[in-house]
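See structure below.
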Amino acid sequence: MYYYIDESGNTGLNLFDVNQPKLYYGVLGCPANLDVIAEPLLVDLRKELGVERIHAAELGVGRLIPVAKRIADFSKKHDLRFSLLKVTKDDHAVISFYDQVFDSGMNKAVSWHHYFTPLRYPMLIKVAFLFDDQLRKDAWAARKETNSAKSASALVTICNTLLSRVDRLPDARSRELVSGALKWAAANPFEIDYGVGNKDTALQISPNLVGFQQVMQVMAVQSNKKGRSIRKITVDRQTEFNKAQGELASWYESLRAVKHNTDLGPGMPKFDYSMMPEVPPTFTPGDESAGLELVDVTLWITKRLEEKKDVPAQLRQMFASQTKRGLVDEVSLDAINKRWRHLLSLPVPDKPLPADLDRHFKEVEDARKAMVAALG
């Protein structure tokens, strides 16, 4: 398999640009090398359009319509598959806060089963409910802060602000758990290690890297289902994040080598890293790859559809020729809510827990309560 990766909506570590609320990654896969097999078609289309390279944003809807059918026919013939990955940026600020502050490995007032089981997700949604726009900005500013003292001080303020809002939660158990975790974090901000060590580390928590994790996993799942190895990954070159993307891909390759499987806890998502690509990404300028030209067009149409803008039938048909067997994934609070809201309708157990489990959970809860009580 050959893959071509483009992105749209990149604002780097600025999560709050109202004109670019989401980061999009487009992933176009093909069993053959598009830089070879698509070049003859694109030579003809460029000549017809009078351009050196096909860039959808420059051509616009009107000039893409006459070439859409030929791209669609080519896509069907060669089994092109487009997948879309999205990150809602201001939600990422809250998710990043929760993942760091409510990690039971660092916060001693959070029991393991409220972080390493699906109970984590209802708790996240409830904590997110306490955030307003300004607090999201404050939490993200502290998260990307390289000065540990400044980050710790800001974290204390954020936790205390959230504590003042805990009464807005509708149930007593949530108020108890959330307030305990926030009190502990406010009293032990350096234990939470909320900021980043340097600018390179800050890139690792960016939406770009979170989205690129999805990119790597989608390629792994898709190629594995087709029973094909990944021969080449071509990523649109841009200076800010390519190094970090390459490092992430290298880390995944090392996990593949040791046949690592993630298992965060009972009921949590799992992933088999032995499926990960063995080849590193190749970072190529968008005007030097036919595959990148094609993914640029599809991603541009996708973004218009996401934003409810006009997309004529010809472009929708071209879009459908590549997306019918593609995948979609999203990092957002809404997506997490939809994926896990079935937890609200689980039946009440019809028998008590086994004695050893009941004893274990009582010990865990007693330890949590003691830790919170010690804060005064």
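The values are calculated or read from the model by the stated rules, or taken from the named source; none is laboratory data. Model, not experiment: these values are computed from the prediction. Glycine also receives a Cβ, built like all others from the backbone with ideal geometry; neighbour counts cover every protein chain displayed. Each accessible area value is taken on the protein alone, full model and side chains, heavy atoms only, with ligands, DNA and RNA left out. Shrake-Rupley method; radii C 1.70, N 1.55, O 1.52, S 1.80 Å.
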Taking N as the number of residues in the range 1-157, what value does Rg over Cα atoms divided by 2.2 N^0.38 Å take?
1.50
In the range 204-296, how does Rg compare with the Kirkwood Rh, expressed as the Rg/Rh ratio over alpha carbon atoms?
0.99
Nearest-ten-degree value, helix 290-306 long axis tilted from longest Cα axis of the chain
60
Where does helix 133-143 land angle-wise versus the long Cα axis of the chain, in degrees 0 to 90, nearest 10?
90
Rounded Å value of the spacing that divides the Cα centres of the range 303-361 and the range 70-84
25
Taking the chain and dividing mean pair separation by its residue count, relative contact order in percent (alpha carbons under 8 Å, at least six apart):
28
Within the range 248-355, DSSP-loop trypsin sites (Lys or Arg not before Pro) with at most 13 other C-beta atoms within 10 Å are LYS259, LYS308, LYS309, LYS324
Roughly speaking, to the nearest percent, how much of the range 320-376's 1.4 Å accessible area is carbon and sulfur?
60
What residue among GLU306, GLU330, GLU365 has the largest mean-square fluctuation in a Gaussian network model of the chain, using Cα springs under 10 Å?
GLU306
Find the accessible area per residue for the range 146-251; the probe is 1.4 Å, ligands and nucleic acids are left out, and the unit is Å².
47
With 0.36 nm assigned to each residue of separation and the Cα-Cα distance removed, ALA149 to VAL348 gains 67.1 nm
Label assignment, Rg/Rh (Cα atoms, Kirkwood Rh) derived from the structure, set (i) 0.98; (ii) 1.03; (iii) 1.12:
(ii)
Length-normalised contact order of the range 226-335 in % [C-alpha pairs under 8 Å, at least 6 apart]:
26
Roughly what would the spin-label model give for ASN160 and VAL18, points 7 Å off Cα along C-beta, in nm?
3.1
Summed side-chain charge close to LYS226 - residues other than LYS226 whose Cβ falls under 11 Å, Lys, Arg +1, Asp, Glu -1:
+3
Cross-link pairs beyond the 23 Å C-alpha cut-off, checked among LYS126/LYS338; LYS303/LYS324; LYS86/LYS144
none
Share, in percent, of DSSP beta bridges within the chain that are antiparallel, nearest 5:
60
Rg and Dmax of the range 96-232 over Cα atoms: what are they, in angstrom?
17.4, 54
Running a GNM on the chain with Cα contacts under 10 Å, which residue among GLU247, GLU191, GLU363 ends up with the highest mean-square fluctuation?
GLU363
